[in-house]
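The values are calculated or read from the model by the stated rules, or taken from the named source; none is laboratory data. Note that the structure is a prediction, hence the values are computed from the model and not measured. All Cβ positions, glycine included, derive from the backbone under ideal geometry; neighbour counts span all protein chains shown.
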Amino acid sequence: MPRRKKIPKQPGWYESPLILQEYRLAHMGIDLSRMPFKQAAEAFGVPELCHAILMNTDVYTIIAASRTNKDTRKAAQKAFRTLLEATVKPFIFHDQFPGFLKTMKETGLGLMGSLLRMLLMSNSALQIDAARGGITRFIRPDDLNVVVPFGALSKTRDYFSKIGYTHFHSLVPWGTYKHAVTHVIGAFRPARLGERTCHVTITESVGNIMHVVLAGPMTCWMNVLTASKVYCAYPTLITNSTTLRTDIRTVDFPRRIGGCYNTKVDNSEWTGKCGRHCPAMPRNSIGDKALASFGWNAGLATPDSRFPGEDSVLSSSIIQWRLSEKCYNERCPNYVGRRPPL
């Protein structure tokens, strides 16, 4: 009687992506340790297998895999869509997700805030360490934060009203966002079917949604997801334990200390040259090679613009911006010296 193949013990949800990958593949009847090397290319060429593996890796790996070939790109886009649906589930139920994507396309709505950062940190070492340390803000966002272009607030409000959100009320724009928004409204959906009470914040921009995104006071907030792409102004800092905030003196907010999530006023701890991501260097939404993007929606392409190589989201408004006034990285040409104590 043949011996039964040993299946790895089911790991906790917080274990590393490699352990989760081994567990899932074993239950699919696939033992990569016994697979000849010459057959590896054929195995990973199977879209279902590639999708199962990418579902248990971080977003950096998903984006890198999408650059290999056409089939892997489709699997990567499908994996990212699955992660997105699971991330917004507390706020958008499974049967409401297709309608939510349709509303994103029709209104130009973009996701931002803590929920998007949680999506971009999925299966990363930072999220795993945070979960082990009991830091829940990486696995449970407080609200669904969306931004819409000028003129789309009413239609967006009607959509959230149809899916159960009530008690719409005006909010005061905070800090650096004051010059970039026209209206901010909040609403909540009462708990039902065992789900917790969910809050949504809708921000209307003075123009393009990038006005609001690039007005963020911290690097971890300068990301946005549209119906076709996800954009990151500082992609290398998404899974970093430290986030850089602006050094503008008129912006005053408490600093988070401890755990896996710390805010810093200066970038003196950066390793290597800042390059295009120097916080003191003026940047432009047109032709900004440091602004990373990933087309996650296989069925929807972002229209091109009058600027070669730029899509309509970035070029509908020409925005000049910079995060900070000074750079404190000794390896950067823009270095101004050590930051004085606050």
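Results, tabulated for the structure shown:
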| read-out | value |
| --- | --- |
| For Ser122: the one exception among (1) among the hydroxyl-bearing types (Ser, Thr, Tyr); (2) assigned to a helix (DSSP H, G or I); (3) in contact with an Asp or Glu (Cβ under 8 Å, 6 or more places away or on another chain) | (2) |
| Check on Gly194, more than 28 Å from Leu323 (Cβ to Cβ), loosely packed, with under 14 Cβ neighbours inside 10 Å and either at pLDDT 90 or above or outside the structural domain of Thr61 (by TED's automatic domain parsing) (or both) | yes |
| Given (1) outside any helix (DSSP H, G or I); (2) at negative phi; (3) at pLDDT below 90, index of the condition Ala52 fails | (1) |
| Subset of the range 168-184 (residues that are under 20 Å from Met222 (Cα atoms) and touching a helix residue (DSSP H, G or I) at 6+ places or on another chain (Cβ under 9 Å)) | Tyr177, His179, Ala180, Val181, Thr182, His183, Val184 |
| Residue within the range 138-152 that is surrounded by fewer than 17 Cβ atoms within 10 Å (Cβ to Cβ), assigned by TED's automatic domain parsing to the domain that holds Thr219 and part of a helix (DSSP H, G or I) present | no |
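Residues checked against (1) closer than 24 Å to Ser114 by Cα; (2) assigned by TED's automatic domain parsing to the domain that holds Met218; (3) surrounded by 13 or more Cβ atoms within 10 Å (Cβ to Cβ); (4) modelled with pLDDT under 80:
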| site | (1), (2), (3), (4) |
| --- | --- |
| Arg245 | yes, yes, yes, no |
| Thr250 | yes, yes, no, yes |
| Arg256 | yes, yes, yes, yes |
| Gly259 | yes, yes, yes, yes |
| Trp270 | yes, no, yes, no |
| Arg276 | no, no, no, no |
| Gly287 | no, yes, yes, yes |
| Leu291 | yes, yes, yes, no |
